[in-house]
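Data first, discussion second: the structure below is written as structure tokens.
The values are calculated or read from the model by the stated rules, or taken from the named source; none is laboratory data. A quick note: this is a predicted structure, and the numbers were derived from the prediction, not measured. Here the Cβ is made from the backbone with ideal geometry for all residues, glycine too, and neighbour counts use every protein chain on show.
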Amino acid sequence: MAAAHELTFHEFEEASDLLVETPDAATLSRSDQLTPQGHVTVAVGSGGSYGAEEVVEEESDKAALLQEKQKQQPGFWTFGYYQSFFDVDTSQVLDRIKGTLLPRPGHNFVWHHLRNQPDLYGPFWICATLAFVLAITSNLTLALAQRRDPSIHYSPQFHKVTVAGITIYCYAWLVPLALWGFLRWRKGIQEHMGTYTFLETVCVYGYSLFVFIPMVMLWLIPVPWLQWLFGGLALALSATWLVFTLWPIVREDTRLVAAALLSAVVLLHALLALGCKLYFFQSLPPEYLVPPSQVPSLPPNVPLPPTLPRSMATS
Amino acid sequence: MAEAAESPGNAGTASPRPLFAGLSDISISQDIPVEGEITIPVRSQIREFDSSTLNESVQNTIMRDLKAVGKKFMHVLYPRKSNTLLRDWDLWGPLILCVTLALMLQRGSADSEKDGGPQFAEVFVIVWFGAVTITLNSKLLGGNISFFQSLCVLGYCILPLTVAMLICRLVLLAEPGPVNFMVRLFVVIVMFAWSIVASTAFLADSQPPNRKALAVYPVFLFYFVISWMILTFTPQ
């Protein structure tokens, strides 16, 4: 049993180093690597009375059984297929989230944290949380602004939930699709390039949006330079992490294409953050801060965005 | 039987006797009743039950369903570890609660068509699609609860928030001000906590232990969004 234990532990350590050196290995499924050692441990551990020929027979039998099992992978339309994407524990999800908060150049997220087990739980619920947090904090900002300046018309603004949801989910699914397609195309041209699977790309983008959740919550503080500072910090962290994650794949390509791809990724991320800031947390233009005599001239259903320090400076 | 037990011991010395040869000497006392029916008696009872629900009056049917819904409301209001919500699930309660909540949350006047609170359909969609998403999530994570049981539990646990909505509407009839808001905030927070406790009391056991937090977090988000809709409701 000690030998079996050494085998499994050794494989665990070497796999990540192997994956770092040979990115192509990342596309193999984990069960392929495990099956030769998996049933060897069973054969050795199950009894010392087996002769050499019987061990070989056992191995071939078990290999045949395991291959059959692999061929019976659940089909696209079965529930079991999707269940394989939610095969994560709480500690794994928390570990992946922590991995996004600390970008380290040599520590690739996909190889060290995902380890060929991309999940859909993280991306889906992080996007849902971000969409609702955006809508709720934007509403809360309006409420707090109305508390300071009673001339602002407060309304629940429920349509922002719909807008936020559609924006976030489109970003988190369409951009990884485009990136994956582009990487596949480049792999067709440069054969030695590695690539991520579609689910790994979705995972990368989904987890990268996690930093925006505390950023949006900190945008409640109505000081504009602080808001821009937090936005810049979070965007820098998230974009750096994205670049570090994509770099091992992209560095195999020509410098021009690599630079163009990475700058496109960073630009799209920045556009998302900027769009959220401007749409959900608008700064009030000065013509709305008129004396009350002119207020009735405004149409009643114009949305009055929340005030920012211009009103605080005048009050 | 003692003869049969001793016979293997004597097998070497005496001629082998057939097994169970001694049984023919045992006589059955006339006092022990051996006869009975082979058919399962429950079956006939079920048949009687079925035909009786077809012939009963409409009032009986409605009252029976209302009593079942009311009993489940009591289980939600005083959450204990019981299986009633899971065993006899029904979706009448969630439907009644969702319709009540959506009607109360609907913005009244037509002037703020873009900026107002949620429409009836939006609340309905959020409640039902939210519950379906959470159920799918918990099933995908490996929980052993059925689809409709989970929908039933999530729907019934909206009851405290519906009560909060009623209270908020009553409080809003008074004059607006910070005290008004504080009272509403307090009520909504208490009812939100009650909903979470009630639903986790029923749902938490169905998940594998290392994924409980993963399954409970979407429930938290769901009730948080509903509480937010209730708190920000302003009558026009």
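Structure above, values below:
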{"read-out": "Residue check for B:Phe202: touching a residue at least 24 places away in the same chain (Cβ under 8 Å), more than 30 Å from A:Pro150 (Cα to Cα) and in a helix (DSSP H, G or I)", "value": "yes"}
{"read-out": "Pick from the range B:180-195, criterion free of Cβ contacts under 8 Å to residues at least 40 places away in the same chain and surrounded by fewer than 19 Cβ atoms within 10 Å (Cβ to Cβ), ranking: farthest from A:Arg147 (Cα to Cα)", "value": "B:Ala193"}
{"read-out": "So A:Gln190, is it surrounded by fewer than 20 Cβ atoms within 10 Å (Cβ to Cβ) and touching a His at 6+ places or on another chain (Cβ under 8 Å)", "value": "no"}
{"read-out": "Residue in the range B:34-41 that is among the aliphatic types (A, V, I, L, M), surrounded by 10 or more Cβ atoms within 10 Å (Cβ to Cβ) and either under 30 Å from B:Val132 (Cα atoms) or modelled with pLDDT of 70 or more (or both) present", "value": "no"}
{"read-out": "Residue match in the range A:258-278 (condition: within 20 Å of A:Ala143 (Cβ to Cβ), buried (at least 17 other Cβ atoms within 10 Å of the Cβ) and out of contact with any Cys (no Cβ under 7 Å at 6 or more places or on another chain))", "value": "yes"}
{"read-out": "Failed condition for A:Tyr169, given (1) surrounded by 18 or more Cβ atoms within 10 Å (Cβ to Cβ); (2) part of a helix (DSSP H, G or I); (3) among the aromatic types (Phe, Trp, Tyr)", "value": "(1)"}
{"read-out": "Qualifying residue in the range A:186-198 (condition: among the small types (Gly, Ala, Ser) and either at positive phi or in a helix (DSSP H, G or I) (or both))", "value": "yes"}
{"read-out": "Condition met for B:Leu154 (within 11 Å of the chain's Cα centre (by Cα), at pLDDT below 85 and in a helix (DSSP H, G or I))", "value": "no"}
{"read-out": "Test: residue in the range A:185-201 that is among the aliphatic types (A, V, I, L, M) and under 23 Å from A:Trp125 (Cβ atoms)", "value": "yes"}
{"read-out": "Residue that is farthest from B:Tyr217 (Cα to Cα), among those in the range A:131-149 that are of a type outside the set (Gly, Ala, Ser) and more than 11 Å from every other protein chain (Cβ to nearest Cβ)", "value": "A:Asp149"}
{"read-out": "Wholly enclosed helices (runs of 4 or more DSSP H) of the range A:74-160 bearing at least 1 residues buried (at least 16 other Cβ atoms within 10 Å of the Cβ)", "value": "A:90-101, A:121-148"}
{"read-out": "Selected residue (criterion: nearest to the other protein chains (Cβ to nearest Cβ)) from residues of the range B:208-219 that are among the hydrophobic types (A, V, I, L, M, F, W, C) and buried (at least 17 other Cβ atoms within 10 Å of the Cβ)", "value": "B:Leu214"}
{"read-out": "Scan of the range A:247-265 for residues that are under 16 Å from A:Gln190 (Cα atoms) and touching a helix residue (DSSP H, G or I) at 6+ places or on another chain (Cβ under 7 Å), ordered by number", "value": "A:Pro248, A:Ile249, A:Val250, A:Arg251, A:Asp253, A:Val257, A:Ala258, A:Leu261"}
{"read-out": "Matching option when the condition is more than 18 Å from the chain's Cα centre (by Cα) and within 27 Å of A:Leu142 (Cα to Cα), among A:Ile221, A:Ile213", "value": "A:Ile221"}
{"read-out": "Any pair with Cβ under 7 angstrom, 6 or more apart, that starts in the range B:134-156 at a residue that is away from chain A (no Cβ under 13 Å) and over 22 Å from A:Phe85 (Cα atoms) and ends at one that is of a type in the set (Lys, Arg) and outside any loop (DSSP other than H, G, I, E, B)", "value": "B:Tyr156/B:Lys72"}
{"read-out": "The range B:180-207, residues that are of a type in the set (Val, Ile, Thr) and within 14 Å of chain A (Cβ to nearest Cβ)", "value": "B:Val188"}
{"read-out": "Entirely in the range A:206-301, the helices (runs of 4 or more DSSP H) that have 1 or more residues that are modelled with pLDDT under 90 and away from every other protein chain (no Cβ under 14 Å)", "value": "A:224-250, A:255-280"}
{"read-out": "Residue check for B:Asn144: among the polar types (S, T, N, Q) and not in a helix (DSSP H, G or I)", "value": "yes"}
